[in-house]
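K.L.:
Submitted below is the structure of interest, expressed as C-alpha cells.
Computed from the coordinates by the stated procedures, all read-outs in this text should not be read as laboratory data. These numbers come from a predicted model, not from an experiment. All Cβ positions, glycine included, derive from the backbone under ideal geometry; neighbour counts span all protein chains shown.
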Amino acid sequence: MTDYTKMTKEELIKELEKRDHALSRYEGKTNIEEDPDPLPSLQFKNTKSNLAYLETIKRFSRQLILPEFGPSKQDILGSSAVLIVGCGGLGCPAAIYLAAAGISTLGLVDYDDVELSNLHRQILHTESSIGMSKAFSVKNAVKNLNSKVTCLTHTDSVTSSNIMEIIKKYDIVLDCTDNVATRYLLNDACFFLRIPLVSGAALRFEGQLTIYGLDNGPCYRCLYPVPPAPENVTNCSEGGVLGVVPGIIGTMQALEAIKVLCGIGEPCSGQMLIFDALTTKFRNIKVRNRSQNCQLCGSNPTINELIDYEAFCGARATDKDQNVSILEANHRITCRQLSDMIKRNDHFLLVDVRPSVELEICRLGDPLNVPIRQIESKFSKEKVINAIHETQADTIICICRRGNDSQRAVNVLQEYFPNQRVCDVIGGLTSWAAQIDKTFPVY
C-alpha cells in the first residue's frame, strides 16, 4: 500500500499523473457520476471500487498536493457535516465551495422561496428556479457540481423549539442570515452544543466575518450583550448591497469552516474581519476575549436555555421587510385616496422621503425630495416651507417605498407645521404599484 503522506510534492504529482492515466482508460465505459457510493477514504482501506478511488484522487488532486493539506485533511472533509443557515447571498457561495472541497454532508436551512430580486447576489439560484424553495435550489446546484455530497434540506424557520434537533447532527454551523433574532438563536444553540459558529454579514459595500464559540473565543453575546433597537437595524432589502460583497464573505465563511474542521491555519476567532469593497481593503480588528460577565458563557451565566428571541430583540426573525404602525388612522391615507386627490387636482404637497438615488429608479409625479435622514435639518424645514408657499398646499403628504419612513417623517413635520394637515400613504409606492398602477416599478 502506497503511503501518500510521506511523498514529496514532485513524487505525489507523478503518482497523480499515473492515476489520471489509469482513470482515462475507464472513460466511455462507466458513468462515474451515477455511482451511488460516497467518495471513498483516501486511506484506501477496504475500498469497494478502485474506480471511485481514482475519481477521488483526480477530483481533489490540486488540494491533495498541498503539504499543509494532503489526503489526511481530505478525509476529514469527506467525513464532516456543515450546516448552512440561510441559502442567500452568503449561503450560496459557502455551499458551493464546501461541496467543491469535498465535504460529506451539507445541511441547507431556508424557509424562503427564490425571487427575481435575489438573483444579482444569490448566485446558485437561476431564473428557472424562481418560486422554488431556496434550500432545494441550492441542493440542485450542489448536486450538479458534486453528486456525492449528501444534502439535507430544512425549509421551516429555525426557532427555539427545533434548532437543537437540527444542529446537533453537524460539526460546524455557518450563520448566513440577515436578522438579529436568528443570530442570537444560533449563537446560544451552538454554545449549548459546543459547536463553532462561523458568522458572516454583508450590507451595501461592506462585509464582516468572525467565528464564535471556538476554543476560548467569545460568543456573539460577549460582543453584543444587548440587541440593537429594531429601528436601527438595516438589512439588504432596505439598505441595499453590491452583489459581489456577500459572495466574497460567503466564500470566506467556507474557507474558515474548512480551516476549523481540518485544524489548519489560524481561524478568524477572537478577531473581526472587515471588508471594504470601495477601497478593496481588509482589516482585522481584535475583539474582546470571552467576557466573564457574559450572560451565556461568562462566570455566572443567567441564560441556561433557549429563550423567545423575537421578544428579546423586539423584531421578527426574518429578513423580510416589516411594516411599522406609528401614526393614528386619521394621519394616514390609502393609495386610492391619493389617486382621487390627484384626479381632483387638490392642493397638496407630496414629500418623497426616500434617498435621492431611489427617485432615479421611480417617482410618483414631481415630488419634493426630503430624505428621511435629513428631515430634521434646518435646510429641510426651509425647503418644505418654500414648497408650501409656491404650491399653496393645505396638506402635506409623505410617501416612501413601503410606508414606514413616511410615518416617521409625519411625526417630524407635524411639529414643524402644526397648522397644516400632515399624513402619509399606507404601504407607500409598493402599494401604489399593487393597487393603482400595475406598470409602476417595484424594487
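K.L.:
With each label point set 7 Å from Cα along the Cα-Cβ vector, what nm distance links SER161 and PHE440?
P.N.:
Spacing of the two 7 Å Cα→Cβ label points: 3.9 nm.
K.L.:
Order of CYS151, CYS222 from fewest to most other C-beta atoms within 10 Å?
P.N.:
In increasing order of surrounding Cβ atoms, one gets CYS151, CYS222.
K.L.:
While we're here: What is the magnitude of the charge dipole of the chain about its Cα centre, with +1 placed on the Cβ of each Lys and Arg, -1 on the Cβ of each Asp and Glu, and no other charges, expressed in debye to the nearest 20? Display every interim value, and only then the final one.
P.N.:
Values: 47 positive and 52 negative charges, 157 e Å.
That gives the chain a dipole magnitude of about 760 debye.
K.L.:
Right, another one. Which one of TYR97, MET132, LEU203 has its Cα pushed farthest toward the positive end of the charge dipole of the chain, where Lys and Arg give +1 and Asp and Glu give -1 at the Cβ?
P.N.:
Going by the charge dipole, the pick is TYR97.
K.L.:
So, counting K/R as plus one and D/E as minus one, what does the shell of residues with Cβ under 15 Å around GLY314 add up to?
P.N.:
Net local charge, GLY314 excluded: -1.
K.L.:
First measure r as the distance between the Cβ atoms of ARG62 and ILE285, then evaluate 1/(1 + (r/R0)^6) with R0 = 35 Å and state the FRET efficiency to the nearest 0.05. Don't skip to the end; give the middle numbers.
P.N.:
Details: r = 33 Å, r/R0 = 0.93.
Efficiency, from the Cβ-Cβ distance: 0.60.
K.L.:
So, one more: Here are some pairs, LYS143/LYS438; LYS378/LYS438; LYS58/LYS139; LYS58/LYS168; which of them have Cα atoms lying more than 28 Å apart in this structure?
P.N.:
Going by Cα-Cα distance, LYS143/LYS438; LYS378/LYS438; LYS58/LYS168 fall outside the 28 Å limit.
K.L.:
Something else about it: With unit charges on the beta carbon (Lys/Arg positive, Asp/Glu negative), name the residue among GLY240, PRO355, LEU77 whose Cα is farthest towards the positive pole of the charge dipole of the chain.
P.N.:
LEU77
K.L.:
Using 7 Å Cα-to-Cβ label points, what is the ILE264/GLU305 separation (nm, one decimal)?
P.N.:
Calculated label separation equals 4.3 nm.
K.L.:
Along the Cα-to-Cβ line of PHE417, 7 Å from the Cα, sits a label point; which residues in region 343-363 have backbone N less than 14 Å from it?
P.N.:
Output list for this probe position: 347-353.
K.L.:
Separate question: Can you sort LEU193, LEU51 so the residue with the fewest Cβ neighbours within 10 Å comes first?
P.N.:
Working: LEU193 14, LEU51 18.
So the residues, fewest neighbours to most, are LEU193, LEU51.
K.L.:
Name the residues whose placed amide hydrogens come within less than 5 Å of the amide hydrogen of ASP113, ignoring near sequence neighbours (fewer than 5 apart) on the same chain.
P.N.:
HN-HN under 5 Å from ASP113: LYS134.
K.L.:
So, one more: Based only on other Cβ atoms within 10 Å, what is the fewest-to-most ordering of CYS236, CYS92? Let's see the in-between values first.
P.N.:
On the way: CYS236 21, CYS92 28.
Ranking CYS236, CYS92 by Cβ neighbours within 10 Å, fewest first, gives CYS236, CYS92.
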